[in-house]
Amino acid sequence: MLVRVYAVGVNPADWKLRAGLLKDLFPVQFPYIPGYDVAGVVEEVGPGVTAFQKGQAVFGQSNRGTYAEYITAPVATLALTPETLDFDEAATVSGGATTAWQGLFDHGKLEPGQRVLVLGAAGGVGLFAVQFARKIGAHVIGTASTHNLDFVRSLGANEVIDYTTTDVGNAVHEVDLVLDTVGGAALASVWPALKRGGTLVSIAGQPSAEKASELNVRTAGFSAQTSSDLLSTIAHLIDNGPVKVAVATRFSLSEAPKAHELSQSGHGRGRIVLHIAE
């Protein structure tokens, strides 16, 4: 389909790819247009496309570069935009929400009543993970910096830990699942929080195989896979949830360098958006 772009979500992967940090995993050919998350309106559909019509509002992802006014996108990675969201809000959803869903349920096997620790609970993935886990009846513990504690509580977390003042690994125990969205020192320090036989899922680093074996912990790393069905499920939760979204900061397309600078600084709450069209 041809989509007129109204807004684009800025992901950490965008600046990491631009900086060359992911060139071994995701080689690109120049000239290259960055961006994956998108919200916009169907301008035209290709032959045989019946799931969407011209003029419909859609959101999702495209691997053909979304930092643009128009893009082409496959039907399989788009869905109808949640009715309760504007385009800027919709552009924040696909990457973070699909990653949270698959990390919790597909790879983490989270079940009602279990204890889950979300590292980086105020971020673009973490904020959805907290809400999805609470919705199925899990006990949710989230980490955040001082100024984001109330925000994470508002998402429904049962407990919120200030990682700037508290050693998370010593403060939390007997957790069934850790979902790590931070990596680095946070990932390395979280092992004592897990129960034996628990699960550690990370999207930001490779958990130590030696440590996992020592503690009898299952580990998983993954790259989220977007589909129309999953996006539609998430859209239904947003419209009937309540599942909240969070726009951190809006920039114009010409301000994409500033958006990358802010993302690279670890802004900490919600998703950065490029507002493309009115």
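The values are calculated or read from the model by the stated rules, or taken from the named source; none is laboratory data. Remember, it's a predicted structure, so these values are computed and weren't measured experimentally. Please note: Cβ atoms are built from the backbone with ideal geometry, for glycine as well, and neighbour counts cover all protein chains shown.
Things to note:
- Checklist (1) under 18 Å from Asn11 (Cβ atoms); (2) surrounded by fewer than 15 Cβ atoms within 10 Å (Cβ to Cβ); (3) small (Gly, Ala, Ser) applied to Ser213, failing item: (1)
- Hey, Ala185 among the aliphatic types (A, V, I, L, M) and in contact with a Phe, Trp or Tyr (Cβ under 7 Å, 6 or more places away or on another chain) or not: no
- Residue within segment 136-157 that is over 30 Å from Val42 (Cβ atoms), in contact with a strand residue (DSSP E or B) (Cβ under 6 Å, 6 or more places away or on another chain), without any contact (Cβ under 8 Å) to a residue 24 or more places away in the chain and of a type outside the set (Ser, Thr, Tyr) present: yes
- Of all residues in segment 52-68, those satisfying the criterion of being loosely packed, with under 14 Cβ neighbours inside 10 Å and more than 23 Å from the chain's Cα centre (by Cα) are Gln53, Lys54, Gly55.
- Filtered by the rule that a residue be among the small types (Gly, Ala, Ser), under 8 Å from the mean Cα position of the chain (by Cα) and at pLDDT below 95, segment 95-125 gives Gly95, Gly96, Gly123, Gly124.
- Taking the criterion of being in contact with a helix residue (DSSP H, G or I) (Cβ under 8 Å, 6 or more places away or on another chain) and surrounded by fewer than 16 Cβ atoms within 10 Å (Cβ to Cβ), the residues of segment 175-204 that qualify are Ser189, Pro192, Arg196.
- Flag for Gly197 being within 16 Å of the chain's Cα centre (by Cα) and either in the same structural domain as Ala79 (by TED's automatic domain parsing) or free of Cβ contacts under 8 Å to residues at least 24 places away in the same chain (or both): no
- For Asn240: the one exception among (1) of a type outside the set (Asp, Glu); (2) in contact (Cβ under 8 Å) with a residue 24 or more places away in the chain; (3) not assigned by TED's automatic domain parsing to the domain that holds Gly126: (2)
Listed here are the residues, each with its yes/no results for (1) over 21 Å from Lys258 (Cβ atoms); (2) surrounded by fewer than 20 Cβ atoms within 10 Å (Cβ to Cβ); (3) within 22 Å of the chain's Cα centre (by Cα).
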site	(1), (2), (3)
Met1	yes, no, no
Val5	no, no, yes
Gly9	no, no, yes
Asp14	no, no, yes
Phe30	yes, yes, no
Ile33	no, yes, yes
Val38	no, no, yes
Thr50	yes, yes, no
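- Checking each residue in segment 248-272 for being β-branched (Val, Ile, Thr) and touching a Ser or Thr at 6+ places or on another chain (Cβ under 6 Å) picks out only Ile272.
- Top-ranked residue in segment 126-160 [being crowded, with 20+ Cβ neighbours inside 10 Å and either of a type in the set (S, T, N, Q) or within 15 Å of Pro192 (Cα to Cα) (or both); ranked as nearest to the chain's Cα centre (by Cα)]: Gln131
- Residue satisfying all of: in segment 63-99; assigned to a loop (DSSP other than H, G, I, E, B) and aliphatic (A, V, I, L, M); nearest to Val125 (Cα to Cα) among these: Val93
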